[in-house]
Amino acid sequence: QVQLVESGGGVAQAGGSLKLSCIASGTSFPIYAMGWYRDRPGTLRELVGRITTDGRSDFADFVEGRFTISRDNTERTVILQMNSLKPDDTAEYFCSSWDANYGSTWWRNPDYWGQGSQVFVSS
């Protein structure tokens, strides 16, 4: 069984920073990409950012250069560093991963999900 184990998140003030980390564990699979989505109240789940194992990355427009994403292929981890946080960034953030066995593309829904991590940004 594949597990995406998240850590980090929490509470920050507007303008502050938080970091989210995720490790892929359990049944091994070839990772094509890992990334983060978020759920905000009253909205559909949306992509935040993602990165392939060869380092290509992609961010949602709302990130506006405030977040960075990095990965460690050996450790099977992905880290989302969130800076200049806004109250609108308050959400539950989900780690995600695309399994290369199902195709070397991220233009489809992720194959695996983490359990969710809460981020609250106060004004």
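The values are calculated or read from the model by the stated rules, or taken from the named source; none is laboratory data. For clarity, every value in this text was computed on a predicted model and none was experimentally measured. Here the Cβ positions follow ideal geometry from the backbone for every residue, glycine too, while neighbour counts run over all protein chains shown. All accessible areas refer to the heavy atoms of the entire protein, side chains included, with ligands and DNA or RNA removed. Shrake-Rupley method; radii C 1.70, N 1.55, O 1.52, S 1.80 Å.
Suppose we filter Leu80, Leu85, Leu4, Leu20 for residues that are farther than 18 Å from Gly114 by Cβ and buried (at least 21 other Cβ atoms within 10 Å of the Cβ); which single one remains?
Sole residue among the options that is farther than 18 Å from Gly114 by Cβ and buried (at least 21 other Cβ atoms within 10 Å of the Cβ): Leu85.
Do you know which residues across the stretch 1-24 are within 28 Å of Asn101 (Cβ to Cβ) and modelled with pLDDT under 95?
Gln1, Val2
Just wondering, is there one or more residues in the stretch 28-35 that are over 21 Å from Trp106 (Cα atoms) and not in a loop (DSSP other than H, G, I, E, B)? Explain how you work it out, then say what you get.
So in the stretch 28-35, the residues over 21 Å from Trp106 (Cα atoms) come out as none.
There is no residue in the stretch 28-35 that is over 21 Å from Trp106 (Cα atoms) and not in a loop (DSSP other than H, G, I, E, B).
Please specify each residue of the stretch 90-123 satisfying the condition of being free of Cβ contacts under 8 Å to residues at least 40 places away in the same chain and not in a loop (DSSP other than H, G, I, E, B).
Tyr102
Which of the residues spanning the stretch 102-123 are touching an Asp or Glu at 6+ places or on another chain (Cβ under 7 Å) and open to solvent by 100 Å² or more (accessible area, probe 1.4 Å)?
Within the stretch 102-123, Tyr102, Gln115, Gln118 meet the criteria.
May I ask you to say which residue of Val5, Val48, Val11, Val78 is assigned to a strand (DSSP E or B), touching a Ser or Thr at 6+ places or on another chain (Cβ under 8 Å) and without any contact (Cβ under 8 Å) to a residue 60 or more places away in the chain?
After applying the criteria, what remains is Val78.
Looking at (1) open to solvent by 40 Å² or more (accessible area, probe 1.4 Å); (2) in contact with a strand residue (DSSP E or B) (Cβ under 8 Å, 6 or more places away or on another chain); (3) farther than 20 Å from Gly10 by Cβ, which is the only condition Asp61 fails?
(2)
Tell me whether the stretch 56-75 contains one or more residues that are in contact with a Phe, Trp or Tyr (Cβ under 7 Å, 6 or more places away or on another chain) and charged (D, E, K, R). If you could, list the steps in order and put the result at the bottom.
Our first condition is that a residue be in contact with a Phe, Trp or Tyr (Cβ under 7 Å, 6 or more places away or on another chain); within the stretch 56-75, this holds for 59, 67.
Within this subset, residues satisfying the condition of being charged (D, E, K, R) are none.
Within the stretch 56-75, not a single residue is in contact with a Phe, Trp or Tyr (Cβ under 7 Å, 6 or more places away or on another chain) and charged (D, E, K, R).
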